[in-house]
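Report on one structure; see the data block that follows.
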Amino acid sequence: MLRLDFFSGRKAQPIADDSPWEVIDLSNLPQHIAVIMDGNGRWAVSRKLPRTAGHRAGMSALKELVTTCGELGIQILTVYAFSTENWKRPVDEVGYLMHLLVEYMEKELAELHRKGVQVRAIGELAELPQAAQKALNKAEQMTRKNTGLKFNIALNYGGRREILQALRQIAQKVKTGEVDLEQIDEALFSHCLYTAGLPDPDLVIRPSGEQRLSNFLLWQCAYAEFWTSTVMWPDFRKQHLLEAIRDYQKRNRRYGGL
Ligand code: FPP
């Protein structure tokens, strides 16, 4: 385990000599971390529990992740909580996930606010159940002026759908003459995404052994570093985040250059 020493220096110190962890360089943290919270179902099934128990345990892992990111000084965290494809799941499971989202907001909002976290939901939010929309609106309103961790929750989110809606916005601007074809560039396109105003993710974390993006932040992840682990999301702890960051810090990001 690592004891992070935030106040006396820039390096985290290992607690035990036999710690497998090296220090984390706090001056080279990923600015934006994106997480695909995968493996809830398999975690539950392997324990002979209903899949919903996996989602509930996943909610606890999410709480710990947000706390750790805040403590570390990570600027932006984006988590994939419900994709545009997840509606294909049994209606009970979808209902449970929506219920869990509302419960999470009800239980955690005051604490998130106290810690200065700014909550933002990204995705096609108007298609979510009313109770979920209401909980998200309340969280966004209450925390909008906070200056700590920017915490984005992707809900009814699909990367392709996000790109298509950006394309429609731009086509409309071209149609009305507000924008010339030559003015369409990466900055304009990024501005039309749900993540407008945020830098792209530096590090994408996917537990559960899968090694794909699954329609998550397709445009934004062009140069993100990818880190995977076989740990299932409900078992994802602070140590896994630190391991991912430590690995990220060893990467040589060239962005196509030399
Ligand atoms: C993917 O695992 C996970 C989800 C579709 C839901 C993620 C939700 C949570 C972590 C709950 C907490 C979130 C909020 C915002 C309260 P899976 O079910 O696809 O797992 P599997 O691949 O093992 O079946």
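Each value in this text was obtained by applying a stated rule to the coordinates, not by laboratory testing. What you see is a predicted model, and the numbers here were worked out from it, not measured in a lab. Cβ placement follows ideal geometry from the backbone for every residue including glycine, while neighbour counts extend to all protein chains displayed.
With both partners inside the chain, how many of the DSSP beta bridges are antiparallel, as a percent to the nearest 5?
10 percent
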Based only on Cα atoms, what mean projected area does the convex hull of the chain have, in nm²? 16.4 nm²
Using Cα springs under 10 Å in a Gaussian network model of the chain, which residue among LEU49, LEU242, LEU217 shows the largest mean-square fluctuation? LEU49
What full-extension length gain, to one decimal in nm, is calculated for SER46 and THR230 as 0.36 nm per residue of separation minus the Cα-Cα distance? 64.8 nm
In whole Å, what is the distance between the alpha-carbon centres of the range 57-106 and the range 142-196? 22 Å
Which of PHE189, PHE216, PHE226 moves most in a GNM of the chain, Cα contacts under 10 Å? PHE189
For the range 175-221, convex hull of alpha carbons as volume per residue, Å³: 102 Å³
Test of understanding: ordering GLU210, GLU178 by Cβ neighbours within 10 Å, fewest first, what list do you get? GLU178, GLU210
Considering the chain as a Gaussian network with a 10 Å cut-off on Cα pairs, which listed residue, PRO50, PRO234, PRO90, attains the greatest mean-square fluctuation? PRO90
If neighbour count is taken as other Cβ atoms inside 10 Å, put VAL45, VAL102, VAL79 in order from fewest to most. VAL45, VAL102, VAL79
Could you compute the net charge surrounding PRO50? Neighbours are other residues with a C-beta less than 11 Å from the C-beta of PRO50; K and R count +1, D and E count -1. +2
Counting only pairs 8 or more places apart or on different chains, how many lysine pairs in the chain have C-alpha atoms closer than 23 Å? 27
Overall dimensions of the range 82-122 as given by Cα atoms, namely Rg and Dmax in Å: 12.8, 36
What residues qualify as long-range amide H neighbours of ASN156, i.e. H under 5 Å apart, gap of 5 or more or another chain, H built at 1.01 Å from N? PHE82, SER83
Would you list the P(r) distribution for the range 146-258, with all Cα-Cα distances sorted into 10 Å bins from 0 and each bin expressed as a whole %? 11, 34, 33, 16, 5, 0
Mean projection of the alpha-carbon convex hull of the range 143-186 over all orientations, in nm²? 5.0 nm²
Fewest Cβ neighbours within 10 Å first, please rank SER46, SER83, SER190 accordingly. SER46, SER190, SER83
